[in-house]
Amino acid sequence: MSAEPRINDRIRVPEVRLVGPSGEQVGIVPLAKALELAQEYDLDLVEVAATARPPVCKLMDYGKFKYESAMKAREARKNQAHTVIKEMKLRPKIDPHDYDTKKGHVVRFLKQGDKVKITIMFRGREQSRPELGFRLLQRLASDVEDLGFIESNPKQDGRNMIMVLGPHKKKTEAMAEAREAQAARKAERQGTTDAPSGDDTAEAPAEAVEAPAETPSEA
């Protein structure tokens, strides 16, 4: 079945409860009278509550209503925050440089308002030392505690150990801050570009004074 409401001649009931263009209650009127009023106002008769008895209809510009509804839905989708789970994999004996690099990625994800799944991968004899992975996960959680918290405690999953970090900041807040920062950077760049150059201003008159007079050529 179509989700579109019935309008004008598609409405097939003997009478309707009519609502005026400004939301005023007109009352129960015959369908023919409601259609006549719609023509007088140059508007559409739109069925807004088909299950009511009698159905409720409103006088409106249906094309404009559909356009505004579509724009609102588009804006809502644009601002909708989707929580994303990022994943970061580490080895239990990771070297300091790699650890700092991995931690930097985790920091970036949390700042963006995303969750992060941390996976410690054990190989060979490392599987007999799960405490190495546990200590590494605890260290990472401590290093980023200003940005995130342990949402799922470390647990063994076959050859891996997994922990999930959740961001303190909501996704919508992170998106809003990112947009503000981008707008600030754009304004700063425009300010730098539009600023007049002091050197050019000072040198312009000198060029006009120093321009040599044209010398006639010798015959």
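The values are calculated or read from the model by the stated rules, or taken from the named source; none is laboratory data. Not measured: the values here are computed from a predicted model. Reconstructed Cβ throughout: ideal geometry from the backbone, glycine too, with neighbour counts over all protein chains shown. For the accessible areas, the whole protein counts, side chains as well, though only heavy atoms, and no ligand, DNA or RNA atoms are used. Shrake-Rupley method; radii C 1.70, N 1.55, O 1.52, S 1.80 Å.
Below are the figures for this structure:
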{"read-out": "Rg/Rh for the stretch 38-149, where both radii come from Cα atoms and Rh is the Kirkwood radius", "value": "1.46"}
{"read-out": "Ratio of the Cα radius of gyration of the stretch 1-83 to 2.2 N^0.38 Å, where N counts its residues", "value": "1.27"}
{"read-out": "Backbone HN-Hα couplings from phi across the stretch 23-31 [Karplus 6.51/-1.76/1.60, Hz, Gly and Pro as x]", "value": "x, 6, 7, 7, x, 7, 9, x, 4"}
{"read-out": "Charge context of GLU15, other residues only, Cβ under 12 angstrom, K/R +1, D/E -1", "value": "+4"}
{"read-out": "Within-14-Å neighbourhood charge of THR101 [Cβ basis; K, R +1; D, E -1]", "value": "+1"}
{"read-out": "Heavy-atom surface of the stretch 1-64, accessible at 1.4 Å and reported per residue (Å²)", "value": "64"}
{"read-out": "Accessible surface of the stretch 1-154 [probe 1.4 Å, protein heavy atoms]: carbon and sulfur percent", "value": "50"}
{"read-out": "Accessible area in square angstrom per residue, the stretch 100-141, 1.4 angstrom probe", "value": "54"}
{"read-out": "Label point at MET71 placed 7 Å out along Cα→Cβ; residues across the stretch 8-47 whose backbone nitrogen lies under 17 Å", "value": "none"}
{"read-out": "Gain on full stretching of the segment that runs from ARG189 to GLU40 - 0.36 nm per residue minus C-alpha separation", "value": "48.2 nm"}
{"read-out": "FRET efficiency, ILE28 to LYS170 (Cβ-Cβ, R0 35 Å, nearest 0.05)", "value": "0.15"}
{"read-out": "Separation of alpha-carbon centers, the stretch 93-138 and the stretch 12-78, rounded to whole Å", "value": "59"}
{"read-out": "At R0 = 30 Å, FRET efficiency that the Cβ-Cβ distance of HIS97 and LYS117 yields, to 0.05", "value": "0.85"}
{"read-out": "Förster-model FRET efficiency, 41 Å R0, ALA181 and ASN153, C-beta, rounded to 0.05", "value": "0.80"}
{"read-out": "Per residue Cα convex hull volume in Å³ - calculated over the stretch 92-146", "value": "73"}
{"read-out": "Positive minus negative residues near LEU165 (Lys, Arg vs Asp, Glu; Cβ under 9 Å)", "value": "+1"}
{"read-out": "For LEU90, residues with placed amide H under 5 Å, excluding near neighbours", "value": "THR119, ILE120, MET121"}
{"read-out": "Principal axis dimensions, largest first and in whole angstrom, of the stretch 111-171 by Cα", "value": "39, 18, 15"}
